[in-house]
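Below is one structure, written out as structure tokens, with a few remarks after it.
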Amino acid sequence: MATIIKKEDSKSEIAKILRKASGQRPNKALMKLAGTLKADIDPLEHQKKLRDEWR
């Protein structure tokens, strides 16, 4: 998500925008899955292989 602060925004409006943006948390359902992928391949080698497909 991007936060847009315009030149004409007052200090109080900017503070309100920043408070709203800092209060957001990542989706908990997705956070439960972080780091759970088990792979039999080396991720770096797989990435290099995928990049070479374009050549």
Once both axes come from the Cα atoms, what is the angle between helix 11-22 and the longest principal axis of the chain, in degrees from 0 to 90, rounded to 10? 30
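Using the crude model of +1 on Lys and Arg Cβ and -1 on Asp and Glu Cβ, and no other charge, please compute the dipole size for the chain relative to its Cα centre, in debye to 20. If you can, show how the numbers build up before the last one.
Numbers: 14 positive and 8 negative charges, 78 e Å.
Value, rounded to 20: 380 debye.
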Partner lysines for LYS7 [C-alpha distance under 30 Å; skip if fewer than 8 residues away on the same chain]: LYS16, LYS20
Just want the answer: with Cβ charges of +1 for Lys and Arg and -1 for Asp and Glu, which residue in ILE41, ILE5, MET31 is farthest toward the dipole's positive end in the chain? ILE5
Which angle between 0 and 90 degrees, to the nearest 10, do you get for helix 43-52 versus the longest principal axis of the chain when only C-alpha atoms count? 90
Please report, in Å, the Rg and the Dmax of the chain, where both are computed over Cα atoms only. 20.2, 54
With a 10 Å cut-off between alpha carbons and a GNM built on the chain, which of LEU44, LEU30, LEU18 moves the most? LEU44
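Report, in deg cm²/dmol and to the nearest 500, the calculated mean residue ellipticity at 222 nm for the chain, where each DSSP H run with n ≥ 4 adds -39500 (n - 2.57) and the sum is divided by the residue count.
Details: 3 runs with 26 residues, N = 55.
For the chain, the value works out to -13000 deg cm²/dmol.
Listing LYS16, LYS7 from the residue with the fewest other Cβ atoms within 10 Å to the one with the most, what is the order? Could you put the intermediate results ahead of the total?
On the way: LYS16 12, LYS7 4.
So the ranking, lowest neighbour count to highest, is LYS7, LYS16.
Bear in mind that the values in this text are calculations on the coordinates, not laboratory data. The shown structure was predicted, so the numbers you read here are calculated from the model rather than taken from an experiment. Cβ: placed from backbone, ideal geometry, glycine included. Neighbour counts: every protein chain shown.
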